[in-house]
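Asks: Sharing a structure with you now.
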Amino acid sequence: MIELKGIYKWVNTGNNRTFLLKDINLSINEGEFLSIMGPSGSGKSTLLNVIGMLDEFNEGEYKFLSETVHNLKEKQRAALYKQYIGFVFQAYHLIDELTVYENIETPLIYQDIKSSERKAMVADILDRFNIVGKKDLFPTQLSGGQQQLVGIARALIASPKLLLADEPTGNLNSKQGEEIMNLFNQLNKDGVTIIQVTHSDKNAAYGSRIINLLDGRVEK
Amino acid sequence: MIKSYFKTAFRNLARNKIYSFINIAGLALGLACAMLIILYVKDEVSYDRFHTKADQIYRITMQGINKDGTKGKKEGNTGYLQGPRFSANIPEIKKFVRIQQGNENIKLGSEINSQEILYVDSSFFDVFSFPVISGDPHTCLQNPSSVVISEDEAKKHFGSTDAIGKIIMLKDDSVFVPHKVTAVTKRCPQNSSIKFDMLLPIKESKEDASNSENWFNIFLNTFVVLNPYANIKSVDMKMQQFYTADSKDAIVSLKKQFGDEVESWKSEYFLQPLLDMHLSTEMPAQNGLSNASNPMYSYILSGIALFVLLIACINFVNLTVARSVKRAKEIGIRKVVGGSRKQLIMQFLGESFFLCIIAFVLAVALVQLILPTFNHLSNKALALSYLFDVKLIAGYILLFILTALLAGFYPALVLSEYSPVKTLYSRFSISGKNYLQKSLVVLQFTLASFLIIATFTIYKQFNFLTTEKLGYDDSDIVTVGKGFKTHNEAWLFKQEVMKDPNIINVAPRNEGSWGTSAKLSNDSTIHFDYETIDESFLPTLKIPLVMGRNFSAAFLSDSASSVLVNESFAKKAGWDNPIGQTVNFWYNNNKTYTVIGVVKDYHYQSLSEKIGPQLFTMKPENPYGMVYIKIKPNSTASSLKTIQSTFKQLFPQSPYSYVFMNDKNFKSYEAEAKWKQIILFGAILTIFISCIGLFGLSVLSAEKRTKEIGIRKVLGASVNGVVAILSKDFLKLVCISLIIAIPTVWLAANKWLENYPYRISMSWWLFATGGILVIFIALITVSFQAIKAAMANPVKSLRTE
């Protein structure tokens, strides 16, 4: 599903070139549950963002579902990730001005899905995540765990093939964290490919494969 | 999707009350100003357009040619001959109508009043499209004893508009003559240069019509209708050719009488479009035409409106961009969940449109609210119902779209560009040094400072015009108009009135302003304003003499051979010692007068006119047309009674009316006084909108720097120190604005003041006061927020970080 070959990413500060990613070679198959680990600043989030097409890289090749991402135009790339990728963040990143319902609905609006269909889809996922009662609340009225549930619901609403999670449990207590990880496991079993960035060995263990990053390199 | 945008926009507005208030209030005020001024300007340019032939109607005008061939003053007036002779000989001219202003005494029951009249040709209604209620407009002015009246006048006389065939008594020379009402018209449109309550057929004798010397006797307005395809230039040329040929003999015979001076009476004829007349300063609508307007006011108003609207838009742009730090997260999320840049631009534009709609609705309400005051100040009768005009609505919609785009487009572009990776990982700060925001603040305050200092200047100049001493004492003087048949009649009135001990003095004078020319002893010609007075004129008005003596009853020769001149006259004549010099009225049997005194220059016209040479005479042939009556202070009621009863007793057939001279003088600056208020109001509005914008920015800046302020306080900074740090940046910008604004306004104000012969000098304190005021207001605005931020507990601000 994902094929990364010789990916480099760097920033120039004065005369120095600081490498964020160095020669990343990685292939991920459909249905995998990959955990990316490593200390702070090792490039985990950068790698996730490159895979999620939110960030660019300077050198290398990236194939996503047989599309060569590095050759795509901005618009085509956006269309690609809109359709296939969902994001979950450590800080949830919900829109404070929108209700739970509206937050979940937003991706569908950007995909020009009809209002009646949207209603059905959002109702379905609210039901599935057991948050129907919260649908008219604003994010600030929810606990962290609930907010993250909404974040995941939003990421899944458009049925993506790939779910990218950047320390999804980082801001949660261990019980809430466990619930989220169980949910990921379930999703993975249902066929969603998952890549998560995590600090915790315990959470990493939920995945089917673990890679370790250090200073932008994959540690063997 | 639109519903979702709308929802976010609405919630954003509701959550950020200060920000929304600043933007909406600013835009609403700006739009309201713009709307008002569009109404005003539209009314100004709509003058006289209601005539169906408006595009084909022209006024015959001319420009004097001096003896040396240079061109002289332009003149909107013509005489008896121009209309009929040009139209008879130039095929392009289809019709002509002459309009002459006049007054006649009118009898209403037993009361005798003075009635303003327009004397017009019978073609009046063929040229102009004034709506006629009853009567035949084409024939109603053919009979010399017919009269056409307005509906108001008809109601006044007959109680209804049903007045055809009824009789109105008008005084013709010495007896009242019946005139038959032949038509009743609707009230003249508000935006008409020609306004009348009563029309009479023009009185022109056969001798007048055939005397070619009348080419040079100009006192009325002549309008012509050209055929639609006429070439104006060629009509101008034909008029000139015909006039040159037709006036040749008259010039020869006039030369015999008046000498070479006649050469300077020649002129060049041309046409002025009717539609240009209202706003013409060279050839204004006057002498029977009214409401002439100076386009300067349109420019000043448009400038204010543009400034206010621009400043409101700048507020919008600055605040939206500054606040975007807070919205960066939302933008990032929207991008991550699939929002394209285009969709985000649409969202932000949508928000600015939404905000503009609210502001627009408020603005319409505001206009409705201010309109009565504005009408009063600008001397107009504007109404919002003017809005039901396709062009105007289109104009407003354009204004709305432009405002929304102007205010919304840049922020939309900036905001939609943010990279989600940066915004979502709190690595985000507005990059660069915010040059755009700073330049916009500078621009904003440059405009505001410009307007404030300009207002000071305009205010001071208008104040000067309304309060400056005119050089004479106009207090406790009653002016009564009366065409005295002889000087003795005036003196009789004077004697009778003076029997009342409360009446201090009575001074007759000619009516209106006269001008003529005469020869000096060195054979040069001098033009001057010509006053016919008696010996009590100067003492009554307390006008001092600088040399020689006043007229005196003791010198019988004074009325026959003496004159007084003012200082400007003496200066223009080049006299070192004016007393004893002579002035020769060569066209009047070479009569020579000796100067017996020099009068100190006083402002006999308004202060917007330069004091010219002035000559005073007691010549018995010149009629007196009015009297100035000086009364004792606090004797107004009884003195007025004496004056009225004496008048009624001596002249039962004449209309009596009086006016206090200081009231009249004050009235002549009414327009200036009103404009003073409008402009002051504009400046207050500008600085207000600028300041709420600055306030908004300082709020956001303080929020952005909460952490910095916390750290500084922990390290020992005092409240004052922090306030200084926060205020300094903004004050720097305001100071830069002043540096730009002051020279600009200095140039503009000087240019404007050149319009006035008597003007204030641009003193440094005008700029200093304006500058300090701007800085002071800005300082209060900024420091308010800065103090609040500086007082905050640092533990709190640092902990939440």
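The values are calculated or read from the model by the stated rules, or taken from the named source; none is laboratory data. The model shown is predicted, which means the values in this text are computed figures rather than measured ones. As a convention, Cβ positions derive from the backbone with ideal geometry for all residues, glycine included, and neighbour counts pool all protein chains shown.
Asks: With the structure loaded, tell me whether B:Lys67 is basic (Lys, Arg), surrounded by fewer than 16 Cβ atoms within 10 Å (Cβ to Cβ), over 30 Å from B:Leu700 (Cα atoms) and over 24 Å from the mean Cα position of the chain (by Cα) or whether it fails that test.
Replies: Yes; evaluated as a whole, the condition is true for this residue.
Asks: Looking at (1) modelled with pLDDT of 85 or more; (2) over 18 Å from B:Arg327 (Cβ atoms); (3) assigned to a helix (DSSP H, G or I); (4) not aromatic (Phe, Trp, Tyr), can you tell me which one B:Lys3 breaks?
Replies: (1)
Asks: Can you confirm whether the stretch B:445-466 contains a residue that is more than 30 Å from B:Ser174 (Cβ to Cβ), in contact (Cβ under 8 Å) with a residue 60 or more places away in the chain, crowded, with 21+ Cβ neighbours inside 10 Å and over 27 Å from the mean Cα position of the chain (by Cα)?
Replies: Within the stretch B:445-466, one or more residues are more than 30 Å from B:Ser174 (Cβ to Cβ), in contact (Cβ under 8 Å) with a residue 60 or more places away in the chain, crowded, with 21+ Cβ neighbours inside 10 Å and over 27 Å from the mean Cα position of the chain (by Cα).
Asks: Is at least one residue of the stretch B:293-311 surrounded by 17 or more Cβ atoms within 10 Å (Cβ to Cβ) and within 14 Å of chain A (Cβ to nearest Cβ)?
Replies: Scanning the stretch B:293-311 turns up no residue that is surrounded by 17 or more Cβ atoms within 10 Å (Cβ to Cβ) and within 14 Å of chain A (Cβ to nearest Cβ).
Asks: Then there is this: One residue is enough: does the stretch B:25-32 have a residue meeting the conditions within 23 Å of B:Val361 (Cβ to Cβ) and within 14 Å of chain A (Cβ to nearest Cβ)? Talk me through it step by step, then tell me what you get.
Replies: Applying the first criterion (within 23 Å of B:Val361 (Cβ to Cβ)) to the stretch B:25-32 yields B:25-32.
This time we only want the ones that are within 14 Å of chain A (Cβ to nearest Cβ), so: none.
No, the conditions are met nowhere in the stretch B:25-32.
Asks: Under the condition of being touching a residue at least 12 places away in the same chain (Cβ under 8 Å) and in a loop (DSSP other than H, G, I, E, B), which residue from the stretch B:148-172 is surrounded by the fewest Cβ atoms within 10 Å (Cβ to Cβ)?
Replies: Of all residues in the stretch B:148-172, those touching a residue at least 12 places away in the same chain (Cβ under 8 Å) come to B:148-154, B:156-157, B:161-172.
Of the ones still in play, those that are also in a loop (DSSP other than H, G, I, E, B) are B:161-166.
Working: B:Thr161: 18, B:Asp162: 13, B:Ala163: 25, B:Ile164: 16, B:Gly165: 9, B:Lys166: 16.
For the stretch B:148-172, the residue satisfying everything is B:Gly165.
Asks: Let me ask something additional. Give just the number: which of (1) of a type in the set (Gly, Ala, Ser); (2) under 30 Å from B:Asp172 (Cβ atoms); (3) buried (at least 19 other Cβ atoms within 10 Å of the Cβ) does B:Ala28 not satisfy?
Replies: (2)
Asks: Would you be able to tell me the number of residues in the stretch B:427-438 that are part of a loop (DSSP other than H, G, I, E, B) and either more than 14 Å from chain A (Cβ to nearest Cβ) or modelled with pLDDT of 60 or more (or both)?
Replies: To start, the set of residues in the stretch B:427-438 that are part of a loop (DSSP other than H, G, I, E, B) comprises B:427-434.
When the remaining residues are screened for being either more than 14 Å from chain A (Cβ to nearest Cβ) or modelled with pLDDT of 60 or more (or both), the result is B:429-434.
Residues flagged as part of a loop (DSSP other than H, G, I, E, B) and either more than 14 Å from chain A (Cβ to nearest Cβ) or modelled with pLDDT of 60 or more (or both) within the stretch B:427-438 amount to 6.
Asks: Is it fair to say A:Gln76 is surrounded by fewer than 16 Cβ atoms within 10 Å (Cβ to Cβ), more than 11 Å from chain B (Cβ to nearest Cβ) and assigned to a helix (DSSP H, G or I)? Steps first, answer last, please.
Replies: On the way: surrounded by fewer than 16 Cβ atoms within 10 Å (Cβ to Cβ): yes; more than 11 Å from chain B (Cβ to nearest Cβ): yes; assigned to a helix (DSSP H, G or I): yes.
So A:Gln76 fits the description; yes.
Asks: When you look at B:Thr52, is it more than 14 Å from chain A (Cβ to nearest Cβ), surrounded by 22 or more Cβ atoms within 10 Å (Cβ to Cβ), among the hydroxyl-bearing types (Ser, Thr, Tyr) and in contact (Cβ under 8 Å) with a residue 12 or more places away in the chain, yes or no? Can you show your working first?
Replies: Numbers: more than 14 Å from chain A (Cβ to nearest Cβ): yes; surrounded by 22 or more Cβ atoms within 10 Å (Cβ to Cβ): no; among the hydroxyl-bearing types (Ser, Thr, Tyr): yes; in contact (Cβ under 8 Å) with a residue 12 or more places away in the chain: yes.
No: the conditions fail for B:Thr52.
Asks: Scanning the stretch B:335-346 for residues that are buried (at least 23 other Cβ atoms within 10 Å of the Cβ) and assigned to a helix (DSSP H, G or I), which turns out nearest to the other protein chains (Cβ to nearest Cβ)?
Replies: Ranking the qualifying residues of the stretch B:335-346, first place goes to B:Val336.
Asks: Taking only the stretch A:79-92 into account, find how many residues are assigned to a helix (DSSP H, G or I), closer than 16 Å to B:Leu424 by Cβ and at the interface with another protein chain (Cβ under 7 Å from one of its Cβ atoms). Walk me through how you get there before you give the answer.
Replies: Start the filter on the stretch A:79-92 by keeping residues that are assigned to a helix (DSSP H, G or I), which leaves A:79-84.
In the following step, the residues that additionally are closer than 16 Å to B:Leu424 by Cβ were identified as A:81.
Still in the list and also at the interface with another protein chain (Cβ under 7 Å from one of its Cβ atoms): none.
Result for the stretch A:79-92: 0.
Asks: Consider B:Ile679 against the criteria (1) over 23 Å from B:Phe776 (Cα atoms); (2) touching a Ser or Thr at 6+ places or on another chain (Cβ under 6 Å): it satisfies all of them except one. Which criterion is unmet?
Replies: Here B:Ile679 meets the rest and fails (1).
Asks: Among the residues of the stretch A:208-216, is any of a type outside the set (Gly, Ala, Ser), at pLDDT 90 or above and buried (at least 19 other Cβ atoms within 10 Å of the Cβ)?
Replies: yes
Asks: Taking the stretch B:623-644, which residues are of a type in the set (Val, Ile, Thr) and either within 16 Å of B:Glu489 (Cβ to Cβ) or surrounded by fewer than 15 Cβ atoms within 10 Å (Cβ to Cβ) (or both)? Walk me through it before giving the result.
Replies: Applying the first criterion (of a type in the set (Val, Ile, Thr)) to the stretch B:623-644 yields B:627, B:629, B:631, B:636, B:642-643.
Within the stretch B:623-644, B:Val627, B:Ile629, B:Thr636, B:Ile643 qualify.
Asks: From the list B:Gly69, B:Gly76, which one is of a type outside the set (A, V, I, L, M) and touching a residue at least 24 places away in the same chain (Cβ under 8 Å)? First the steps, then the outcome.
Replies: Working: B:Gly69 fails: touching a residue at least 24 places away in the same chain (Cβ under 8 Å).
One residue alone meets the criteria, B:Gly76.
Asks: Oh, and also: Is the stretch B:601-609 home to any residue that is over 32 Å from the mean Cα position of the chain (by Cα), surrounded by fewer than 17 Cβ atoms within 10 Å (Cβ to Cβ) and not in a helix (DSSP H, G or I)? Outline the logic, then answer.
Replies: Our first condition is that a residue be over 32 Å from the mean Cα position of the chain (by Cα); within the stretch B:601-609, this holds for none.
The answer is no; no qualifying residue exists.
Asks: Tell me, which residue of the stretch B:354-373 that is surrounded by fewer than 21 Cβ atoms within 10 Å (Cβ to Cβ) and not β-branched (Val, Ile, Thr) is nearest to the other protein chains (Cβ to nearest Cβ)?
Replies: My answer is B:Phe354.
Asks: Out of curiosity, is B:Glu489 surrounded by fewer than 19 Cβ atoms within 10 Å (Cβ to Cβ), assigned to a helix (DSSP H, G or I) and among the acidic types (Asp, Glu)? Before the answer, list the steps.
Replies: On the way: surrounded by fewer than 19 Cβ atoms within 10 Å (Cβ to Cβ): yes; assigned to a helix (DSSP H, G or I): yes; among the acidic types (Asp, Glu): yes.
Judged against the criteria, B:Glu489 is a match.
Asks: To continue, here is another question. Hey, does the stretch A:51-65 have a residue that's assigned to a helix (DSSP H, G or I), over 19 Å from B:Gln343 (Cβ atoms) and either at pLDDT 85 or above or of a type in the set (Ser, Thr, Tyr) (or both)?
Replies: So in the stretch A:51-65, the residues assigned to a helix (DSSP H, G or I) come out as A:51.
From what's left, over 19 Å from B:Gln343 (Cβ atoms): A:51.
Then drop every residue that is not either at pLDDT 85 or above or of a type in the set (Ser, Thr, Tyr) (or both), which leaves A:51.
Yes.
Asks: State all residues of the stretch B:334-378 that are under 17 Å from B:Thr320 (Cα atoms) and among the small types (Gly, Ala, Ser); if no residue qualifies, say none.
Replies: Correct list: B:Gly350, B:Ser352, B:Ala359.
Asks: Something else about it: Which pairs turn up if I take residues in the stretch B:570-592 that are under 12 Å from B:Thr525 (Cα atoms) and look for partners that are of a type in the set (Asp, Glu) and at pLDDT 90 or above with beta carbon separation below 7 Å, at least 6 apart in sequence or on another chain?
Replies: As it stands, the answer is none, since no pair meets every condition given.
Asks: Being surrounded by fewer than 19 Cβ atoms within 10 Å (Cβ to Cβ), within 14 Å of chain A (Cβ to nearest Cβ) and at pLDDT below 80 narrows it down to one residue among B:Lys391, B:Lys326; which is it? Show your work before the answer.
Replies: On the way: B:Lys391 fails: within 14 Å of chain A (Cβ to nearest Cβ).
Only one candidate qualifies: B:Lys326.
Asks: So which residues in the stretch B:745-795 are touching a helix residue (DSSP H, G or I) at 6+ places or on another chain (Cβ under 8 Å), assigned to a helix (DSSP H, G or I) and of a type in the set (D, E, K, R)?
Replies: The answer is B:Lys788, and nothing else.
Asks: Here's another thing I want to ask about it. Would you call A:Thr68 more than 12 Å from chain B (Cβ to nearest Cβ) and either among the β-branched types (Val, Ile, Thr) or buried (at least 20 other Cβ atoms within 10 Å of the Cβ) (or both)?
Replies: Numbers: more than 12 Å from chain B (Cβ to nearest Cβ): yes; either among the β-branched types (Val, Ile, Thr) or buried (at least 20 other Cβ atoms within 10 Å of the Cβ) (or both): yes.
Taking the combined requirement at face value, the residue satisfies it.
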